[in-house]
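J.: Quick one: structure below, then a few questions.
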Amino acid sequence: MRALPLLLLLACGPGWTTLQQSGPPSSLRGAQALVVAFDYDELRIGQIPAGSYLATLEPPERAELQRVLQAMADGFLAQLTLELPFRVEPSTGPPNAGEVLVTARFRAVELGSYQVNRRIDSQLVTDLTWTVDGRVTDVIRTRTRVQTSSSRPTRLGRMQVAAEKTAGIAADFFWAEQQR
């Protein structure tokens, strides 16, 4: 009977896939400040590069998508600020000595759809790149999904929640690295 909880814990996994990891000990260990940057350069919406996708939209739809992308950044930053007990702020340039930079590289988005007869969940794939003293030390990939429902009918709301979930995973990774 005791093996079942352990198997369930192992099946859940950490919520990320490790692409690069420092240490041991972890380069993130003991960090006291975090600077956050965002990168949309390789973002794909559906199967289309974001720039190409934006070019196909009419101005009001383009402005709506830009609001969605901004809500993702805002949600990520706000959630990370809630989950870490020290200064977390947006990047305005290279980090200062002692600061850790995490770059959220949004890779893939499925905006989802809410219609009476058809619902498609929203999804977000993000690479989180951690940099210490100008050197990339850790990279993880996260995948989050937000169910489309009558309580979350808008793309903006779902994608903001997806980014907040991603920030929660970033915080979990950060805390795990404090012990390594």
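J.: Of the numbered conditions (1) among the small types (Gly, Ala, Ser); (2) assigned to a helix (DSSP H, G or I); (3) crowded, with 18+ Cβ neighbours inside 10 Å, residue 31 fails exactly one; give the number of that condition.
T.: (2)
J.: Quickly run through region 37-73 and pick out the residues that are assigned to a helix (DSSP H, G or I) and of a type in the set (A, V, I, L, M, F, W, C).
T.: 50, 54, 55, 63, 65, 68, 69, 71, 72, 73
J.: For region 135-156, indicate whether the set of residues that are surrounded by fewer than 22 Cβ atoms within 10 Å (Cβ to Cβ), on the phi > 0 side of the Ramachandran plot and either of a type in the set (A, V, I, L, M) or modelled with pLDDT under 95 (or both) is non-empty.
T.: For region 135-156, residues surrounded by fewer than 22 Cβ atoms within 10 Å (Cβ to Cβ), on the phi > 0 side of the Ramachandran plot and either of a type in the set (A, V, I, L, M) or modelled with pLDDT under 95 (or both): absent.
J.: Could you identify the single residue in 89, 83, 64, 110 that is touching a residue at least 12 places away in the same chain (Cβ under 8 Å), buried (at least 18 other Cβ atoms within 10 Å of the Cβ) and among the acidic types (Asp, Glu)?
T.: It is 110.
J.: Looking at 163, 108, which one is touching a helix residue (DSSP H, G or I) at 6+ places or on another chain (Cβ under 9 Å) and among the aliphatic types (A, V, I, L, M)?
T.: Just one listed residue meets the conditions, 163.
J.: Same structure, new question: List the strands (runs of 3 or more DSSP E) inside region 79-166, counting only whole elements, that have at least 3 residues being aromatic (Phe, Trp, Tyr).
T.: none
J.: Name the single residue that is farthest from the chain's Cα centre (by Cα) among those in region 63-93 being over 22 Å from residue 146 (Cβ atoms) and hydroxyl-bearing (Ser, Thr, Tyr).
T.: Taking the candidates together, the pick is 92.
Every residue, every condition in (1) under 22 Å from residue 161 (Cα atoms); (2) at pLDDT below 95, yes or no:
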| site | (1), (2) |
| --- | --- |
| 37 | yes, no |
| 46 | yes, yes |
| 51 | no, yes |
| 85 | yes, yes |
| 94 | no, yes |
| 98 | no, yes |
| 102 | yes, no |
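The values are calculated or read from the model by the stated rules, or taken from the named source; none is laboratory data. What you see is a predicted model; the values in this text were computed from it and never measured. All Cβ positions, glycine included, derive from the backbone under ideal geometry; neighbour counts span all protein chains shown.
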